[in-house]
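Everything on this sheet refers to the single structure shown next.
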Amino acid sequence: MKKAVLFDLDDTLLWDERSVEEAFQTTCEYAAAKTGVDPVKLEAAVRHAARTIYEAFEAFPFTKMIGINPFEGLWANFLEGEQEEFRKLQSFVPDYRKQSWTNGLAALGIDDKQLGAELGEMFPAERRKRPYIYDETITVLEKLKGQYKLLLLTNGSPDLQREKLAGVPEIVPYFDHIIISGEFGKGKPAAEIFHHALEKLNLSAEQCVMVGDKLTTDILGANTVGMTSVWINRRHMTLDGDIKPTFEITDLEQLFPIIES
């Protein structure tokens, strides 16, 4: 029987994907009403523009190591974090938001920097309105609390991850420890952040289970330190490649037979 469960946050407990998709949809539909542009094509163009700008940014290797994706940059402020790269991000993102939307519009033949700037501010506001969690999140945490130690292990910027948690304040009290990669200095799948989590729990890897949605971070990291890994695969993706979870589930309720065995 296991003694602790480690959870990822985004798209494991929080439905971040839905939040981002709806923010894009609302913002692109607003642009469509003003310009006649196809909102679906605009979203694709903005996502492409954002990735292109983000990956050319000097602090991109740091964001990749910490686990901050381009679309978090479209609404994060990066006000916290001790590393110098967070100050660079803080200076970078206002123009990044504006330029991503302006370039997305331009890719569809619309030259309107003013609208690009407006959309660049609208998207963060729309994302902040949507702090979704999965239907089973609280039920599962309630069942686990008191029976197991619970640790939240999330990649991202300290202020952004705390803002996400503030949007669903009922989650935080369930956890004995919360570790954010931007505070620790390295993100999943680095073995160091998993060892740090084990030190906090005062347990061995064999006594713990890691639950997450990303094979390349949550599952790979857990496997690296010898921890049981549980891949939450809500979208029924095909498992291929070299990274193999110990278990695969499609709903958090399916976790109980695994940790009780």
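List the GluC sites (Glu not before Pro) within the stretch 87-187 that fall in a DSSP loop (any state other than H, G, I, E or B) and whose Cβ has at most 15 other Cβ atoms within 10 Å. Listed in order of number, the matching sites are GLU136, GLU170. Of the residues HIS196, HIS236, HIS48, the one that moves most in a GNM of the chain with alpha-carbon contacts below 10 Å is HIS236. Taken along the Cα-to-beta-carbon direction at a fixed 7 Å, the label points for GLU136 and LEU108 span 3.7 nm. Considering only LEU119, LEU108, LEU150, the mean-square fluctuation computed in a Gaussian network model of the chain, springs between alpha carbons under 10 angstrom, is largest for LEU108.
At full extension, THR224 and ALA56 could sit 57.5 nm farther apart than now, given 0.36 nm per residue minus the alpha carbon distance. Taking 18 Å as the cut-off, the amide N atoms of the stretch 1-38 that come nearer than this to a point 7 Å along the Cα-to-beta-carbon line of MET237 belong to 7-21. Here the translational diffusion coefficient of the stretch 16-128 follows from Stokes-Einstein with Rh set to the Kirkwood radius across Cα pairs; for 10 °C and 1.306 mPa s it amounts to 113 µm²/s.
Counting every pair of alpha carbons in the chain, the share spaced more than 24 Å apart comes to 50 percent.
For the set LYS3/LYS188; LYS64/LYS164; LYS41/LYS64; LYS145/LYS186, the pairs lying more than 25 angstrom apart at their alpha carbons are LYS41/LYS64; LYS145/LYS186.
Would you work out the relative contact order for the chain, in percent, from Cα pairs under 8 angstrom that are 6 or more residues apart? It rounds to 24 percent for the chain.
Figure legend: label point modelled 7 angstrom from the Cα of ASP251 along Cα→Cβ; residues of the stretch 113-150 with amide N under 19 Å from it are 133-144.
Every number here is computed from the coordinates shown, using simple stated rules; none is lab data. Being a predicted model, the structure only gives us computed values, none of them experimental. Note that we place each Cβ from the backbone using ideal geometry, even for glycine, and neighbour counts take in every protein chain shown.
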